[in-house]
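Right, one structure below, let's go through it.
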């Protein structure tokens, strides 16, 4: 509440008290003067004030997600090569649309490289042993496994066909040309 509103409410209360009105009468006078808010309006006002404060004080950059999270997967040499190619693709003697397309192509190509290299670097090697599973085990190699974790099963071709068939038929019906389309 600002000082002017407090002053106006105070004046109204003083004038009302001179006529020896009850607290309910004072509240009625404040309401009649439009100086009271419903709990809902007050709550909405507080929510809006908090949102304005949030917008006026944006989150520091550290809280924003990285624009190129996959670039963190690269080693220093690959990252330097990526940045060199990115700089070269962004300073082409072309219009901004073409330059942006080249930057996006460069990012897409290097993202594939970074993710493939990371997958290669983190893949289990040939000497890696499958972890032990306590009995009873439900992994395909050990029927009855009770391990907590993802169980590597997939739907059979027959199950996939039975599940997808109705959706595929519906989609074909939607996409099929109507008899009126050509004529």
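The values are calculated or read from the model by the stated rules, or taken from the named source; none is laboratory data. If you're wondering where the values come from, they're calculated on a predicted model, not measured in any experiment. Glycine also receives a Cβ, built like all others from the backbone with ideal geometry; neighbour counts cover every protein chain displayed.
Tabulated data
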item: Pairs where the first residue, in region 55-75, is assigned by TED's automatic domain parsing to the domain that holds residue 106 and outside any helix (DSSP H, G or I) and the second is modelled with pLDDT of 80 or more and surrounded by 10 or more Cβ atoms within 10 Å (Cβ to Cβ), C-beta under 6 Å, 6+ apart; result: 74/114
item: Qualifying position, being farther than 30 Å from residue 12 by Cβ, exposed (fewer than 14 other Cβ atoms within 10 Å of the Cβ) and over 25 Å from the mean Cα position of the chain (by Cα), among 33, 87, 59; result: 87
item: Every residue from region 27-51 that is assigned to a helix (DSSP H, G or I), touching a helix residue (DSSP H, G or I) at 6+ places or on another chain (Cβ under 7 Å) and under 18 Å from residue 2 (Cα atoms); result: 30
